[in-house]
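The values are calculated or read from the model by the stated rules, or taken from the named source; none is laboratory data. Predicted model, so just to flag it, every value in this text is computed and none were measured. Cβ coordinates were reconstructed from backbone atoms using ideal geometry, including for glycine residues, and neighbour counts include every protein chain displayed.
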Amino acid sequence: MNPTSSTVHSRLDLDPDTIAACRAAASDIADDVDRFVRERTTVAVERTITRFLGVDDADEDGTPLPNRLVDTLVDAGRLGDGITTPLVNAMRSLDRSAADVARAVTAGEVDLFTLPELPAHDIRDTAERLTNDAIATIRQTRNTRAERIARSTTHPDPLLYVIVATGNIYEDAVQARTAAIQGADIIAVIRSTGQSLIDYVPYGPTTEGFGGTYATQANFRIVREALDDVGEQLGRYIMLCNYCSGLCMPEIAAMGALERLDMMLNDALYGVLFRDINMQRTLIDQYFSRMINGLAGVILNTGEDNYLTTDDAVEATHTVLTSQFINEQLAFRCGVPPEQLGLGHAMEMDPTLENGFLLELAQAQLVREVFPHHRLKYMPPTRYMTGNILRGLAQDTLFNIIGAWTRQGVQLLGMHTEAMHTPHIADRHIALENAQVVMNNLRDIGDEVVFRPGGLIQKRAQDTLARTAELLEDIRRDGLFDALGRGTFAGVRRLPNAGRGLAGVASRSPDYYNPLETALRRALHLDG
Amino acid sequence: MNPTSSTVHSRLDLDPDTIAACRAAASDIADDVDRFVRERTTVAVERTITRFLGVDDADEDGTPLPNRLVDTLVDAGRLGDGITTPLVNAMRSLDRSAADVARAVTAGEVDLFTLPELPAHDIRDTAERLTNDAIATIRQTRNTRAERIARSTTHPDPLLYVIVATGNIYEDAVQARTAAIQGADIIAVIRSTGQSLIDYVPYGPTTEGFGGTYATQANFRIVREALDDVGEQLGRYIMLCNYCSGLCMPEIAAMGALERLDMMLNDALYGVLFRDINMQRTLIDQYFSRMINGLAGVILNTGEDNYLTTDDAVEATHTVLTSQFINEQLAFRCGVPPEQLGLGHAMEMDPTLENGFLLELAQAQLVREVFPHHRLKYMPPTRYMTGNILRGLAQDTLFNIIGAWTRQGVQLLGMHTEAMHTPHIADRHIALENAQVVMNNLRDIGDEVVFRPGGLIQKRAQDTLARTAELLEDIRRDGLFDALGRGTFAGVRRLPNAGRGLAGVASRSPDYYNPLETALRRALHLDG
Amino acid sequence: MTIHGRTGATPPDLTSVRPYGDTLDDGIMQLSFSLPVPFGDEAREAARRLLLAMGLEDPQIYHAADLGDGYTFVIVYARTRATIDFTSIEVAKVAAPQRSKKEIEALVAERVGRDIVVLGACTGTDAHTVGIDAIMNMKGFDGDKGLEAYRGVAAWNLGAQVPNEELVARAIELDADVLLVSQIVTQKDVHKVNLTELVELLEAEGLRERLLIAAGGPRIGHELALELGFDAGFGPGTRAVQVASWMVDELIARGLVERTPHGRRSS
Amino acid sequence: MTIHGRTGATPPDLTSVRPYGDTLDDGIMQLSFSLPVPFGDEAREAARRLLLAMGLEDPQIYHAADLGDGYTFVIVYARTRATIDFTSIEVAKVAAPQRSKKEIEALVAERVGRDIVVLGACTGTDAHTVGIDAIMNMKGFDGDKGLEAYRGVAAWNLGAQVPNEELVARAIELDADVLLVSQIVTQKDVHKVNLTELVELLEAEGLRERLLIAAGGPRIGHELALELGFDAGFGPGTRAVQVASWMVDELIARGLVERTPHGRRSS
Ligand code: B12
Ligand code: B12
Ligand SMILES: Cc1ncc(COP(=O)(O)O)c(C=O)c1O
Ligand SMILES: Cc1ncc(COP(=O)(O)O)c(C=O)c1O
């Protein structure tokens, strides 16, 4: 996947001990979060369990039944127990499927908490069976993907990633197909503004969104089918991407596992910093969500690229690397292997900066060398894009050069119209053509030129790494919550008890039962 | 002017002995041409002399008086004697200026060859005085330029060169000004198609041309004034460029010397290969023309870049370098120093070629290292430009990267609309913006990255140099005329006695007299 | 207005201006667009005819590309015969004089005599705070300090994704003089919907005349803002000092400096 | 004609097709052009009004730049209401069947029985030979041999900058069956002038009906060539084999294979 590996000589002459020290610090930070998370659950986690048990429908107001079910749990003050016991109890007592139980509860015909309680081992037997079915389904989807990919032709990295964002899932599907025909490897369906802040997942196919299209299971399926169809014709497997981050991380991860999404943006820190979501809530959600992604073989993308849209790319690149180290460890705790880890970073310096290209190159290569086995996701210029689409095209050309040069894993293609509108059908075409021509024309530049020893590029990378090590030590000492409170990332300050969704968090009670988590941990070979 | 010099370590690990061998072979080839040229004159050379003596006007049919005068010489079968003696004889006999004599001859009032012949020393005294005045005028113009440049601000190389080509000199002047304001360093006024094949220089301001505007002395003046004016406002000296090549090389060089042009395309081989001009004629013309350019301090550009529009850029790059070695020596014979020598080369590989960028980079750096003190002129993609202006913009971006990387002397900016039309006012703006942003953003890349020792880039350059050395040996053996007859350059075959303009060539008679040439040789410190 | 640089060349007739390719009045325009028709000669011809139907002349297809699945992209050059009278154009501009931060602070001290209360927010589902932060926050933008840094201004930045209702509630609570609203997402004109809704809410609360409202964002201009019922609009590249100058001027001009708290009035 | 890929999405109405930005029939077009007016808000407004005057809706100025000296460049997106009936489009195409070099040679041997004389030239002041060389010369273009390589074809490439008079003279002298004319320079429609002049010369010589004439070049299409009085036109990417196939077909169809030398006839 990439030419540089930890055993290979560093082109940037990076100090392996510093990298190791960073990882050690990040590991401690992640352990801290891990301890915190394991003692808690959230409404989203519990709703996810209902989905795996087969609940997937909405009431006449459009409220999904997983929400209706878990709301009764919350209303009963029993969120800390988890939904599994009462739901399976109802299924067994009434001899009905989870979906039927959910409908009955919604209709007010059944009250989960007044039914007779069956013996614990009975519940557990059923729950574990159902859980194992769910795990099998996920594995099955994963196998299907693997088979399809095995039949698919490939080209040298990076993979080419484009977005569709019309608001209408059918138009999205049309444009996803054309993008695939033009050579895209990955299609991401952008969500409507605001979806990440709603505490449920909309239901059914949707045709009205702003700046994106709602992430719904039906929508996932529509685009998945379109891409499978066009992919068969092209002899290439086209990957589908959507977003977990937000108030429904694990639920969307579950939908993604069922509908064979291949890549998902999954980053609690993004939600905290850019959506003002409560950090406790979203870190707990992320944990469950990433385990699902991990088992589903989904490549998971983090959002550090966004930091440089609000913070300064020249001054603050070390915060990107710092966050990546932490995010890596958090993902490892969820059983996500490096190959599935798409740490995000971006080209976001002012293009009028003298030698800015060299600094961007240094950063891209630094990230590449520090995370040699990861499917890094390299994000295009956005902040300094303007309505001058012709200058924008040049910026994107430079970005594509760096992507090929440093062999990024995924190149999210820049759009020359970035500053003005979500991509039109022709914009993607222009971007894909640019990437293909440029990357082919410079294919082996990374091997054929060498950074001058002790030169600007090496020094810049070494300096960024050193600052990262320092910052990680600070965070190891004070904890991640404290760092977020200080505005360490993206120049944004967030407090542990502020932000959206805190109400949906509960400490696990002694009775808390979540066989899905146990099964996931087992399947992912995670301890305890 | 450029970072690489012969004393500096070669980034391409080129063998200095091979380079020296190339120069030695080229020197012999040039000596051969030199011997040939010195024994001959042409109508254009003689017309040039009349211009320096002050003849500049046209008859009612638009035929310039220099032509009318020299035509009488040809009609009298005395071209081999030169125009100087009869013209000065008439001036002295009639006590009239050269311009007046020309008018009288044109009106049929005077016949140069029936006037009494004054004593030779009388003629020579006057001729030498007038010649010295002409030399003084050229020097004066050169000094004016030097003073203006001394007051001017600069930026790192390459200089940015754009063309205007509306057909209407007044629109050209408008657009030349706007280009200067946008940051252009050099403005070239492209000629109308076909002008290079007419055996006279049109007269007066012109407003009707196809794909370019006629080169006339009045037109030179109009744009020169516009650029001086706007340059004063900007605090920058804006260079003006036009074309000598064609059937009037030395005449246009003379006009350029008088009107303070700063750069001129001056290449007999271009005329031979691309305009089917007779090689004897144009090599003789070139000789005189380049001496004038040399003394005038004009930077002279050669046309090897054009070879790759008809020949294959991957296969035939060594023919470009071969021709450059020869052209260098030919220019040295005319007293043109390296700093005034803008050898042309180009980026002309198919952009869909894998690693094509690396080959282009190798070539650009090769030329840079072989000619370290020359103001190399680097030409943009043209052949593989298409109506797809957005792909074209990417091709031009790559070209600008190489220009900055290898510190070319002059970057002739690519136009994204190259395949379709001569530049519109906005096209230049887009090109200038691209060059400025890209070159600044990658400023020191040439110093900060190193070509992998023994890698594809070094090998390609070394191989091209080796093939050049071989080809130069062949030409040393067989002569330049023979090489042209074999289709060595641009894949085009030309024969010594074919092509346009041969009729205007004559062997110098024992009476041949050309004090201007003598004065130029003296001023340029040329032997013999 | 003088046009320089056309010495010797025919000057443009400013009452009848037409695009300039490389010659005065040639009318040349570059266009690109996609059509939902399969790639091929017919698609090129369709593009050509479309331009003719639009009244363009001499359309030249520079490039056509197959987007796949029955879509074609074209790049075209053509000539328009349309002209515009440039001499008749007048653009509404925010009228305030250029003042420095110091001058503004002095003016507030002298003519207002109390803190001007300014609320900033990025409303609706819009989460783009960089623009409003640039105007409001201490740090400001491009070396120009934000309103928080002004003596005589009490600046409250409510951040992103603020519902209009909440903004109005806070305006009442804090007795605001000025509301600054940022709208960056404009797809399907959602910004117009959001901004119009705010004006309606303020009118419903009887507050509209008692405070100044300004909108800003990359696709917002002064004219659009006026159309939507705002007092001013600020586009890309705006600096806080421009906003401050306008706001003080306008508060004084409208006699809004004498304080009658909204809260009280509306109770 | 079927449009694929719009499963679930509204299919386009091919009788009324409109540009597609990101939603069917949104009519979105990108434009760019320069105006001879000084940079500023008024220039933006002038650009906007010009588009409105052209019948475009909702023009959005994405970018405006100062070109200096009273010129402004703009990049705009806008919507058109114009539509085109795609189902009614028929494009004239060179009709000849696709044949291989071998098949063509066999056809000449069988139906013509002598060498077809073909003259190629780039006429007027145009010096771009690469295109005509690609069609005429042995080497050909992109792996496809040129006419010189065909048995049964006597191909004469006269090269560049050939005056029309000379071409006609050589046609008479060599008793040509086919003239192939290349025109690359098109500024101020000089190609149309050149091509029309050739047709007139041939008519004046009474030769027009006795030979085939085809034009080619990057801005030449079959329809334009027909308009100018040629028998066929060949655009960018043409290969010799296409030209050869057309030429043999057409000579046979027109009964021009029975030889009566022009020279004699016109004498
Ligand atoms: C940074 C950014 C983000 C960041 C925002 C972080 C943050 N905290 O603000 C992140 C990564 C989170 C983000 C997310 C999204 N974004 Co965003 N984002 C951008 C980006 C790259 C830059 C915007 C910016 O910061 N500009 C810099 C500031 C200083 O400029 P400004 O906002 O214009 O402000 C100036 C003036 O306009 C004015 N001003 C602005 N507001 C006000 C208010 C007043 C009162 C006054 C006086 C003046 C004023 O003064 C400011 C200083 O001069 C743009 C693309 C671009 N290059 O413009 C896309 C862009 C705005 N995003 C877009 C979209 C669609 C989204 C997403 C929905 C998905 C996506 N495509 O990424 C999400 C969801 C956002 C949501 N719910 O709103 C689209 C909007 C399309 C449209 N026109 O509708 C854009 C154009 C990108 C695109 N082409 O898709 N985004
Ligand atoms: C190579 C080239 C040159 C070379 C020509 C060398 C030579 N011996 O041909 C040189 C460097 C000498 C040159 C000079 C000039 N050129 Co020039 N040149 C080009 C260039 C880069 C490529 C043309 C080319 O070779 N194309 C490749 C061939 C294979 O394609 P083609 O010609 O389209 O031919 C194919 C088809 O069209 C068709 N075809 C063509 N002819 C015919 C005929 C028949 C009968 C048939 C059946 C088919 C056919 O079949 C061919 C194979 O598929 C173009 C820009 C571009 N990228 O297109 C400019 C271009 C054509 N040149 C141009 C100009 C203006 C000039 C100059 C006046 C100045 C200048 N700007 O450089 C001079 C003077 C030329 C003159 N007097 O004619 C302009 C023309 C503008 C216009 N539309 O009017 C262009 C577009 C560049 C520009 N934007 O300024 N040029
Ligand atoms: C990690 C991550 N998650 C999610 C998103 C998108 O989230 P939303 O749908 O809230 O705009 C992004 C966008 O950049 C992201 O980087
Ligand atoms: C050396 C040289 N001379 C002259 C010209 C232009 O000549 P003409 O005016 O004949 O097109 C060129 C164009 O590329 C050139 O390279």
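Observations
- Scanning the stretch C:190-213 finds one or more residues that are part of a helix (DSSP H, G or I), within 10 Å of ligand 1 (Cβ to nearest atom) and either at pLDDT 95 or above or buried (at least 23 other Cβ atoms within 10 Å of the Cβ) (or both).
- Failed condition for A:LEU484, given (1) within 14 Å of another protein chain (Cβ to nearest Cβ); (2) out of contact with any strand residue (DSSP E or B) (no Cβ under 7 Å at 6 or more places or on another chain): (1)
- Which listed residue is closer than 30 Å to A:GLN175 by Cα and either among the hydroxyl-bearing types (Ser, Thr, Tyr) or within 16 Å of ligand 3 (Cβ to nearest atom) (or both), from A:MET379, A:MET420: A:MET379
- Meets criteria (away from chain B (no Cβ under 14 Å) and surrounded by 24 or more Cβ atoms within 10 Å (Cβ to Cβ)) for A:LEU330: yes
- Condition broken by B:TYR237, with the remaining ones in (1) touching a Leu at 6+ places or on another chain (Cβ under 6 Å); (2) of a type in the set (Phe, Trp, Tyr); (3) away from ligand 4 (no atom under 12 Å from the Cβ) satisfied: (1)
- Pair list, Cβ under 6 Å, 6 or more apart: the stretch C:170-182 residue in the same structural domain as C:ARG114 (by TED's automatic domain parsing) and away from ligand 1 (no atom under 14 Å from the Cβ), other residue part of a loop (DSSP other than H, G, I, E, B) and not aliphatic (A, V, I, L, M): C:ASP175/C:PRO261
- Which listed residue, of D:ALA154, D:ALA95, is surrounded by fewer than 18 Cβ atoms within 10 Å (Cβ to Cβ) and not assigned by TED's automatic domain parsing to the domain that holds D:VAL241: D:ALA95
- Which listed residue, of B:GLY303, B:GLY294, B:GLY256, is out of contact with any Lys or Arg (no Cβ under 9 Å at 6 or more places or on another chain) and within 25 Å of D:PHE141 (Cβ to Cβ): B:GLY303
- Screening the stretch B:235-338 for strands (runs of 3 or more DSSP E) wholly inside it with 1 or more residues that are of a type in the set (S, T, N, Q) and without any contact (Cβ under 8 Å) to a residue 60 or more places away in the chain returns the ranges B:239-243.
- Some residue of the stretch B:415-431 being polar (S, T, N, Q), crowded, with 23+ Cβ neighbours inside 10 Å, over 22 Å from A:LEU12 (Cβ atoms) and more than 7 Å from every other protein chain (Cβ to nearest Cβ): yes
- Residue satisfying condition, being closer than 21 Å to D:GLY131 by Cα, within 12 Å of another protein chain (Cβ to nearest Cβ), away from ligand 4 (no atom under 16 Å from the Cβ) and touching a Phe, Trp or Tyr at 6+ places or on another chain (Cβ under 9 Å), within set D:ILE213, D:ILE220: D:ILE220
- Selection over the stretch B:143-191 of residues that are assigned to a loop (DSSP other than H, G, I, E, B) and away from chain D (no Cβ under 14 Å) gives a count of 9.
- Test: residue in the stretch C:164-177 that is within 16 Å of ligand 3 (Cβ to nearest atom) and either assigned to a loop (DSSP other than H, G, I, E, B) or within 14 Å of chain A (Cβ to nearest Cβ) (or both): no
Residue-wise test of (1) more than 28 Å from the chain's Cα centre (by Cα); (2) of a type in the set (A, V, I, L, M); (3) within 20 Å of A:GLN324 (Cβ to Cβ).
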{"site": "A:LEU12", "(1), (2), (3)": "yes, yes, yes"}
{"site": "A:ALA20", "(1), (2), (3)": "no, yes, yes"}
{"site": "A:ALA25", "(1), (2), (3)": "no, yes, yes"}
{"site": "A:ASP57", "(1), (2), (3)": "no, no, no"}
{"site": "A:ASP71", "(1), (2), (3)": "no, no, no"}
{"site": "A:LEU87", "(1), (2), (3)": "yes, yes, no"}
{"site": "A:VAL101", "(1), (2), (3)": "yes, yes, no"}
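- Selection count where residues are crowded, with 18+ Cβ neighbours inside 10 Å, within 14 Å of chain A (Cβ to nearest Cβ) and touching a strand residue (DSSP E or B) at 6+ places or on another chain (Cβ under 9 Å), scope the stretch C:64-88: 9
- Filter result (out of contact with any Phe, Trp or Tyr (no Cβ under 9 Å at 6 or more places or on another chain) and either under 14 Å from A:THR50 (Cβ atoms) or in contact (Cβ under 8 Å) with a residue 40 or more places away in the chain (or both)) within the stretch A:66-82: A:ARG68, A:LEU69, A:VAL70, A:ASP71, A:VAL74, A:LEU79
- Unmet requirement for A:ARG151, which otherwise passes all of (1) within 16 Å of ligand 1 (Cβ to nearest atom); (2) closer than 30 Å to A:ASN441 by Cβ; (3) surrounded by fewer than 16 Cβ atoms within 10 Å (Cβ to Cβ): (1)
- In the stretch C:89-106, the condition of being without any contact (Cβ under 8 Å) to a residue 24 or more places away in the chain and within 10 Å of another protein chain (Cβ to nearest Cβ) is met by at least one residue.
- Those residues of the stretch B:432-442 which are in contact with a Gly (Cβ under 9 Å, 6 or more places away or on another chain), facing another protein chain (nearest Cβ under 7 Å) and either of a type in the set (Lys, Arg) or part of a helix (DSSP H, G or I) (or both), in sequence order: B:GLU433, B:ASN434, B:VAL438, B:ASN440, B:ASN441
- If you check B:ALA44, B:ALA99, B:ALA30, B:ALA25 for being touching an Asp or Glu at 6+ places or on another chain (Cβ under 8 Å) and within 30 Å of B:PHE371 (Cα to Cα), only one passes: B:ALA25.
- The residues of the stretch A:182-221 that are within 14 Å of ligand 3 (Cβ to nearest atom) and under 28 Å from C:ALA65 (Cα atoms), listed by number, are A:ALA188, A:VAL189, A:ILE190, A:GLY211, A:GLY212, A:THR213.
- Residue list for the stretch C:30-55, filter: more than 8 Å from every other protein chain (Cβ to nearest Cβ) and within 35 Å of the chain's Cα centre (by Cα): C:ALA47, C:ARG48, C:LEU51, C:LEU52
- Residue in the stretch B:6-18 that is at pLDDT 95 or above and over 26 Å from B:THR406 (Cα atoms) present: no
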